[in-house]
1. Restricting to DSSP H runs of at least four residues, report the calculated mean residue ellipticity at 222 nm for chain A, -39500 (n - 2.57) per run over all residues, nearest 500 deg cm²/dmol.
2. Need the list of lysines near A:K36 for cross-linking: C-alpha distance under 26 angstrom, and skip anything on the same chain fewer than eight residues off.
3. For the stretch A:49-105 and the stretch B:92-130, write down the distance between their C-alpha centroids in whole Å.
4. Which residue, B:W21, B:G121, B:F109, has the largest displacement toward the positive end of the dipole of the stretch B:1-129 when charges sit on each Cβ (Lys, Arg +1; Asp, Glu -1)?
5. Going down the table (C:K85/C:K178; C:K100/C:K148; C:K49/C:K85), which pairs top 30 Å between alpha carbons?
6. Gap in Å between the Cα centre of the stretch C:134-160 and the Cα centre of the stretch A:124-196?
7. Based on the alpha-carbon gyration tensor of the stretch A:6-195 and its eigenvalue square roots a ≥ b ≥ c, which shape applies: rounded if a/c is under 1.5, prolate if not and a/b is larger than b/c, or oblate?
8. Short version: ³J(HN,Hα) in whole Hz for each residue of the stretch B:32-44, in order, from phi by Karplus 6.51 cos²θ - 1.76 cosθ + 1.60 (θ = phi - 60°), x for Gly and Pro, what are they?
Amino acid sequence: MSADSVTFIFLNAAIVNNFVLAMFLGICPFLGVSAKRETAWSMGLAVIFVMLVSSICSYGINWMLKLFEIEYLRLICYIAVIASAVQLVEMTMKKYSPALFRALGIFLPLITTNCAILGVALFQTSREYSFTQSIAFSLGAGVGFTIALMLMAGLRQHLELAKVPSVSQGAALTMMLAGLLSLAFMGFAGLGAQYG
Amino acid sequence: MATLPDRQEQVTLDTFLRGLWQENPVFVMLLGMCPVLAVTNSAINALAMGLASTFVLVASNSLVSMLRHFIPKQVRIATYIIIIATFVTMVDYAIQAISLDLYNALGAFIQLIVVNCMILGRAEAYASKQPLGATIINGLGIGAGFTLALLSLGAVREILGAGSLFGIMLFGENFQPWVVMILPPGGFFVLGAWLLIFAWFRQRQQQRLSDVGVAQHER
Amino acid sequence: MSQNGISQTPVNTALTYSMLRTLGLVATLSGLLVVLSYRITLPIIEENKRLAIERALFKVIPGAVSRQDFVLSDDGIHTDQQDVKGTTLYAGYDQTGRLKGVALEAAAAGYQDVIRILYGYDPYCQCIRGIDVLKMAETPGIGDKIAKDDEFLNNFTALEARADASGSGLEHAIVPVKHGSKSEAWQIDSISGATISSKAIARMLNDSSQRVVPIIQQHLSVIEAAL
């Protein structure tokens, strides 16, 4: 049982141990969707929602697995739940916001293989968070992911107008930028510790 | 449903070598990036992750290839995911049995192999269409390319950030390690540098090919 | 049979059957493989864990050569035969069977992730004799000094953790102080530049010992009589 407060967990997941910049989760969509601010924002919102849903479901599943002592099925169950949650979000989005659905294109089903979502489920299990702590954790992780994505999108949109050597265009440049962002975020160490 | 007839591939050395260079999963196809950054803070971790991922890739793709005629299109992704998750769980227990220290060092990233886009991508694009032999060879090639990419990052980060390689100290007492290299920003910087080098090589390769093409055209 | 998405043909029962059959088959195969690998590796993993615990144990309880496990709960100390829920308490004995000390796990959030340690407590001197960092993800070269820096580890050769008169906590709380300003036996000299990691150690030791030291002192006879 972790004794950390929900505020600390939220701040920690969103900023201090940002999922993308410190924990290296969610790099694939980070590279793919961070070119434009609008798509970055939509992806971020979708990820927050999916993370929240998966977190709640994972908590329930873990409780059941412990009850029947079949913890070795944990990974398979988690990934099944995440895939279903993404499917749900996809269908909801298709029905209520088709323009958004088209804008996100291939990226929506790719959230399934987004290590950040599975990462949320795995970390909250290994740290033995309670239900409220898990909610705070998944929200923090999603918000942090969105922050990182938006920052990167803003930077890349500005760089479209700059002269960049052709060899570094694309992934190499994004990585360098991410490194700088990551370095900057290291300065947040200890934030929220007074709530801990 | 109209699909192109499956083009059965002849197994050649190219089937294996493609995964190392032209279709290198990390540097060219930009797949499976998360573990590349996270576990490459030392060479031994990088090697272990590479081997574990290769095992899951080859095993799951082989199973997919063997069952490819029996899996209906509608449930194929779900089936692939179950198969991959099974092998990842097996690897997870295997590593715990081999070395608890290694297991703690790799952490959650062993279980995160299941969402490595490289594995699911290969299952969908290749294993579901090709026979078993080609799938195994290609899987080994991709896995080798992945492991090499991980090692190239892990070695550089460990040498610069800790002054050692595979735990063996390379420099003397006075070496001041470049600590940022084993921290998250270092991972991004080193990967960015490698991507740059790779892109530069490929650009030169294409330049040479187009020069040859122009020369032949002018003749 | 083409599907253009607008008019749905009735669900093809043969297709449904084949989908269910495939999923069922794959799930069964998957279950078999997972259970098999779990059962095969379980004894090896248990052995690895045992070795790891004992290595840490004999490090934090100087002089111990054998061990016995207990369960510490709010109402006392029980042998692990009895089915009681609580924290695992490891007791270390020397060759003659005399109690040398006890050890428990403690954990708290550090800089990067949770830090988990095993600490050894000597009930006769009422002090902590040593710590061993089991799991941490602190900054290499800075935060990871909590496991490697001899000067920091010296804090724990005789860190006072005396039960107070009322038996409900410690007489003096274990607190971290700035590097170089340690003046009392219950203070921990922090590592300069790694205050968060040092504070985490202090916090987990304080939280844990406030809770367990009174219970250990009250039920010492249970542990002493074990071997």
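The numbers here are math on the coordinates, done by the rules we state, and not lab data. Quantities reported herein were computed from a predicted structural model and do not represent experimental measurements. Cβ placement follows ideal geometry from the backbone for every residue including glycine, while neighbour counts extend to all protein chains displayed.
1. Calculated from helices alone, the mean residue ellipticity at 222 nm is -22500 deg cm²/dmol.
2. Within reach: A:K94, A:K95, A:K163.
3. That distance is 20 Å.
4. B:G121
5. Result: C:K85/C:K178 exceed 30 Å.
6. 29 Å
7. Here the stretch A:6-195 falls in the oblate category.
8. x, 6, 4, x, 4, 7, 7, 9, 8, 7, 8, 5, 5
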